[in-house]
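Step one of this worksheet: look at the structure below.
The values are calculated or read from the model by the stated rules, or taken from the named source; none is laboratory data. All figures in this text were calculated on a predicted structure; none of them were measured in a lab. Quick reminder, even Gly has a Cβ in these numbers, built from the backbone with ideal geometry, and neighbours come from all protein chains shown.
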Amino acid sequence: MDAQDFESVWDALEDTAAQAANMRARSALMIALRGRVEAWGVAQAEAARRLGLTQPRLNDLLRGRVEKFSLDALVNLAVPAGLSVRIEIDAAA
């Protein structure tokens with residue numbers, strides 16, 4: 001088997017470039033959200049309340065279960081977390 005190089009783990013795991021781009025965006029948002037929740041220094045129940053989530057759903061977020069969140073859902077969570085989301089568009093290589 002020949003070794004392959006990938007720009008990101010998502011490029012290696014996903015079937016298409018579009019799916020990989022979606023997963024990169026979702027994982028970046030999840031990392032930012034987890035960082036914000038941890039910075040609050042509050043119990044999970046309080047963090048869930050602030051984000052409008054159930055505690056089990058927050059647990060999914062904090063554990064990085066990216067497959068359980070759509071990009072749209074994560075963008076919507078950014079607002080109550082006090083984060084702004086910007087999209088950067090570049091020409092494909």
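Things to note:
- Residue in the range 35-44 that is under 28 Å from A18 (Cα atoms), at pLDDT 95 or above and of a type outside the set (D, E, K, R) present: yes
- Pair list, Cβ under 9 Å, 6 or more apart: the range 66-93 residue within 14 Å of V37 (Cβ to Cβ), other residue in a loop (DSSP other than H, G, I, E, B) and of a type in the set (S, T, Y): A78/S84
- Residues (among the small types (G, A, S) and assigned to a loop (DSSP other than H, G, I, E, B)) located in the range 48-89: G52, G64, S70, A81, G82, S84
- Residues in the range 15-24 include none that are of a type in the set (G, A, S), at pLDDT 95 or above and either at positive phi or surrounded by 16 or more Cβ atoms within 10 Å (Cβ to Cβ) (or both).
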